[in-house]
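As structure tokens, the structure follows; a few thoughts come after it.
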Amino acid sequence: MIEFRDVSKIYPGNKVAAQDINLEFNDGEFIVFIGTSGSGKTTCMRMINRMIEPTGGSILIDGEDIMSMNPVDLRRRIGYVIQQIGLMPHMTIYENIILVPKLLKWDEAKMQTTAKELISKVNLDESYLDRYPAELSGGQQQRIGVIRALAADQDIILMDEPFGALDPITRDALQELIKKLQREMGKTVIFVTHDMDEALALADRIVIMDEGKVIQFDTPENILQYPADEYVESILGEERLNQARSAMKTVDEIMIKNPISINVNDSVRQAARVMRNSRVDSLFVIDDNNVIQGVLDIFDIEKIGRRSAQVKDIMKDAQYIHDDTRIRDAIYSIMTLGYKNLPVVDKDYKLVGLVTRASIVESIYSGIWGNEGSNVSETVQSTENN
């Protein structure tokens, strides 16, 4: 655990870089500091390994004040990745990776094993260990910078805008990579960025700073839903806020109520008649208490022909969502898993509504364009129904 207790950094001339910082980071969290230039985000991160020493207050790691630690030993306990990568050009990739383990006097066999395991984690083969940094692309060098920070198996990794100088495609790939490694290895990552999309994609929790103070410290979801003030709203941007507010709504706000259904004890002939009269190709199956039991479609009926049967004999299990499911989660089921529609049930599993692809599209358009999207979504709805 990392704790900031009333931490301040004030330079000569009463220039405040950080003031009254109180934060707690749990083991294994991915924490992102974000803010405009001069907000104090990098100062806070660099105070953790005493590259910048606090003027007041205290920073604790697992309950121990960092000012009581030897600064060199402290820094060897903490991995560090910077934007400029910082690989030693005269050293091989292997020598760069084992830089800290060598200082810690690891034996050669352990260092070789660690280097081989780590380089495979970033999708580079062992032949790269004998190369020099100049022989690698910028993205490959940055991957080496990341695993060098992991090589000594430090529990804490500091990352100072590590992907800021990379092209968007390489940057996206490395963001996915570092999040994957962080989860797999259980590291605590403290990450500084000025890019809100990067912060939202990576963070378990985000520290938003301005003029040396913490303005908001919360999960990405809560920050999007409940920005602390106009400053937070401004760095989030109106488009992100509109999309988030739409996605954070629950499906009971967009569902079609009283969907067409059939009783589990009804005959297949009755089900076919309801489908034909209602011009639908599937029905949700309920019991006498309106509790969902399954789903039946026209192809199930076609398979048995004219034989006498009850709905319960040929129905299939139904994938359903609850009425308090967030729209963003329904989007995943509809768009990613490919469901055409999903029944909505209440806490007692009673059928109360239906979410369709069209209603999801309507929600997305509303989140992006507001009422301007209504004509487009009406066209989608019309096309889907036909």
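Table for the structure above
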read-out: Filter result for A228 (closer than 20 Å to V81 by Cβ and either among the small types (G, A, S) or not assigned by TED's automatic domain parsing to the domain that holds F30 (or both)); value: no
read-out: Extreme residue, farthest from T193 (Cα to Cα), among residues of the stretch 39-68 that are polar (S, T, N, Q) and crowded, with 17+ Cβ neighbours inside 10 Å; value: N49
read-out: Residue check for E29: exposed (fewer than 15 other Cβ atoms within 10 Å of the Cβ) and at pLDDT 90 or above; value: no
read-out: Checklist (1) assigned to a helix (DSSP H, G or I); (2) buried (at least 18 other Cβ atoms within 10 Å of the Cβ); (3) at pLDDT 75 or above applied to P343, failing item; value: (1)
read-out: Candidates K121, K116 - the one that is closer than 18 Å to K179 by Cα and in the same structural domain as I178 (by TED's automatic domain parsing); value: K121
read-out: Near pairs, Cβ below 7 angstrom, 6+ apart or cross-chain, from the stretch 134-147 (of a type in the set (D, E, K, R)) to any residue that is not in a helix (DSSP H, G or I); value: R143/V122; R143/L124
read-out: Extreme residue, nearest to G138 (Cα to Cα), among residues of the stretch 48-99 that are small (G, A, S) and outside any strand (DSSP E or B); value: G86
read-out: Subset of the stretch 78-87 that is surrounded by fewer than 19 Cβ atoms within 10 Å (Cβ to Cβ) and either outside the structural domain of E161 (by TED's automatic domain parsing) or touching a strand residue (DSSP E or B) at 6+ places or on another chain (Cβ under 7 Å) (or both) - its residue that is modelled with the lowest pLDDT; value: Q83
read-out: Any chance Y231 is surrounded by fewer than 12 Cβ atoms within 10 Å (Cβ to Cβ), of a type outside the set (D, E, K, R), within 25 Å of the chain's Cα centre (by Cα) and at pLDDT 85 or above; value: no
read-out: Pair list, Cβ under 7 Å, 6 or more apart: the stretch 348-364 residue outside the structural domain of Q293 (by TED's automatic domain parsing), other residue small (G, A, S) and modelled with pLDDT of 85 or more; value: none
read-out: Subset tally (residues that are surrounded by 16 or more Cβ atoms within 10 Å (Cβ to Cβ) and either closer than 12 Å to M196 by Cβ or at pLDDT 75 or above (or both)) for the stretch 241-256; value: 7
read-out: Selection within the stretch 178-219 - part of a helix (DSSP H, G or I) and either crowded, with 18+ Cβ neighbours inside 10 Å or modelled with pLDDT of 85 or more (or both); value: I178, L181, Q182, M196, E198, A199, L200, L202
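The values are calculated or read from the model by the stated rules, or taken from the named source; none is laboratory data. Note that the structure is predicted; figures quoted are calculated from it, not measured. With ideal geometry, Cβ positions are generated from the backbone for all residues, glycine too; neighbour counts draw on all protein chains shown.
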